[in-house]
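Enquirer: My questions all concern the structure below.
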Amino acid sequence: MTNEQILKLAIEKAVKNGLTPMAATWARELADDRLEAAFLFSHNFAKCFFGEAFYPRDNEHINGDDPEWAEKATREWQYHLQQLALSEDRLAYIKQFIDNG
């Protein structure tokens, strides 16, 4: 799969999950690597692509009865933006979430 195909599929997934058509149109016109990075790291894209469910920090189990549970978790999109920043190949990181739904 080419980088262009990965980006196209990522945009399609994000649109299905609520990304605005204007943002998607802008993203499809990306030709510059810096613009691609700006889009992939945008909170709007990340929320729609990765989701807003809670992701436990440090593999801790979150107990819904724990009043401090929100402090022990982060949102899926926030976690994955951190991982994306650490990734040597941003589109390869994104691709694994296209292939897995």
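Enquirer: Is the stretch 29-42 home to any residue that is farther than 22 Å from Asn3 by Cα and either modelled with pLDDT of 90 or more or of a type in the set (Gly, Ala, Ser) (or both)?
Expert: First, pick out the residues of the stretch 29-42 that are farther than 22 Å from Asn3 by Cα: none.
No, every residue in the stretch 29-42 fails to be farther than 22 Å from Asn3 by Cα and either modelled with pLDDT of 90 or more or of a type in the set (Gly, Ala, Ser) (or both).
Enquirer: Of the residues that make up the stretch 65-76, is at least one modelled with pLDDT of 75 or more, hydrophobic (A, V, I, L, M, F, W, C), touching a Lys or Arg at 6+ places or on another chain (Cβ under 9 Å) and not in a loop (DSSP other than H, G, I, E, B)?
Expert: Just the residues of the stretch 65-76 that are modelled with pLDDT of 75 or more, to begin with: 74-76.
From the residues that got through so far, the ones that are hydrophobic (A, V, I, L, M, F, W, C) too are none.
There is no residue in the stretch 65-76 that is modelled with pLDDT of 75 or more, hydrophobic (A, V, I, L, M, F, W, C), touching a Lys or Arg at 6+ places or on another chain (Cβ under 9 Å) and not in a loop (DSSP other than H, G, I, E, B).
Enquirer: Checking Ala24 against (1) modelled with pLDDT under 70; (2) not in a helix (DSSP H, G or I), which test does it fail?
Expert: Ala24 satisfies all of (1) modelled with pLDDT under 70; (2) not in a helix (DSSP H, G or I) except (2).
The values are calculated or read from the model by the stated rules, or taken from the named source; none is laboratory data. Predicted model only: the values in this text are computed from it and were never measured. Reconstructed Cβ throughout: ideal geometry from the backbone, glycine too, with neighbour counts over all protein chains shown.
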